[in-house]
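Notes to accompany the following structure.
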Amino acid sequence: HRSRIYYIDAGFLSIDCGLDDKDSGYTDRDTGIVYVSDGAYVDGGENLRVAAEYESQWKQRYLTVRSFPSGERNCYSLPTEAGAKYLVRVYASYGNHDGKNDSSSLEFDLHLGPNYWDTLHVANGDVFEAVFVAWASWAPVCLVNTGGGTPFISSLDLRPLKRTFYPQATAEQGLVMLARFNAA
């Protein structure tokens with residue numbers, strides 16, 4: 001019997017992108033993490049839902065997306081404290097939210113502020129993480145349309161870190177995840 005760990009830490013922000021404001025503040029049954037809608041953190045875009053065949057297979061936080069059919073660069077403004085260290089995580093999972101049933105060539109760029117972070121190739125969904133030191137009271141996480149299809153996002157997490165974690169991440173340079181392995 002495994003006990004559940006509940007994450008109720010100051011500064012944790014877990015966003016279910018595309019979630020209607022009226023449904024904001026739900027608690028994930030498996031993790032105890034509270035997810036909020038993204039309306040307060042982004043201007044623009046449209047809320048969409050994944051196709052019905054995915055609804056019984058996927059966790060609640062992946063059932064909606066925010067899609068950005070307009071504009072080249074659309075950004076979330078995440079609350080931070082200047083000088084503090086954070087982990088930011090983006091998850092994008094296709095789920096045929098656009099009704100095209102084809103994500104094979106869908107790609108767009110992810111930026112942390114003005115800096116290139118990664119290119120999202122969204123065929124099966126993936127997690128993108130970065131560690132950075134905040135330079136202001138907010139940090140922009142931006143989806144950039146590079147001509148490879150309409151950018152979208154499923155969930156976005158922000159976690160404060162102890163200043164001693166990841167000493168390589170400084171005000172001048174951040175870190176990005178290349179891969180994650182379970183060594184157990």
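The values are calculated or read from the model by the stated rules, or taken from the named source; none is laboratory data. Computed from a predicted model, the values in this text were never measured in an experiment. No Cβ is skipped: glycine too gets one built from the backbone with ideal geometry, and neighbour counts run over all protein chains shown. Quick note on the areas: whole protein, heavy atoms, side chains included, nothing else; ligands and nucleic acids left out. Shrake-Rupley method; radii C 1.70, N 1.55, O 1.52, S 1.80 Å.
Numbers below:
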{"quantity": "Mean separation of Cα contacts under 8 Å (6+ apart) over length of the chain, as relative contact order %", "calculated": "25"}
{"quantity": "Spacing of the two label points (7 Å from each Cα toward its C-beta) at residue 121 and residue 23, in nm", "calculated": "3.1"}
{"quantity": "222 nm mean residue ellipticity, helices alone, for the chain (DSSP H n ≥ 4; -39,500 (n - 2.57); rounded to 500)", "calculated": "-500 deg cm²/dmol"}
{"quantity": "Residue 59 accessible area, 1.4 Å probe, all protein chains in place, Å² to nearest 10", "calculated": "90"}
{"quantity": "Within straight-line cross-link reach of residue 162, aspartates and glutamates at Cα separation under 19 Å, skipping those fewer than 8 residues along the same chain", "calculated": "9, 81, 129, 172"}
{"quantity": "Nearest-0.05 FRET efficiency for residue 12 and residue 170, computed from C-beta distance (R0 22 Å)", "calculated": "0.45"}
{"quantity": "Computed Rg/Rh of the range 1-136, alpha carbon atoms with Kirkwood Rh", "calculated": "0.96"}
{"quantity": "Share of carbon and sulfur in the accessible heavy-atom surface of the chain [1.4 Å probe, %]", "calculated": "49"}
{"quantity": "Charge tally in the Cβ shell below 13 Å around residue 19, where Lys, Arg are +1 and Asp, Glu are -1, residue 19 excluded", "calculated": "-2"}
{"quantity": "Residues of the chain: accessible area per residue with a 1.4 Å probe, Å²", "calculated": "56"}
{"quantity": "Unpartnered cysteines - no second Cys beta carbon under 4.7 Å - across the chain", "calculated": "17"}
{"quantity": "Calculated log₁₀ intensity ratio I(q)/I(0) where the Debye formula runs over C-alpha points of the range 63-184, q = 0.14, 0.15, 0.20 Å⁻¹", "calculated": "-0.61, -0.69, -1.11"}
{"quantity": "Computed magnitude of the charge dipole of the chain (debye, nearest 20; Cβ of K, R +1, Cβ of D, E -1)", "calculated": "680"}
{"quantity": "Positive minus negative residues near residue 96 (Lys, Arg vs Asp, Glu; Cβ under 13 Å)", "calculated": "-2"}
{"quantity": "The range 129-151-the range 63-103 distance, computed between alpha-carbon centres (Å)", "calculated": "8"}
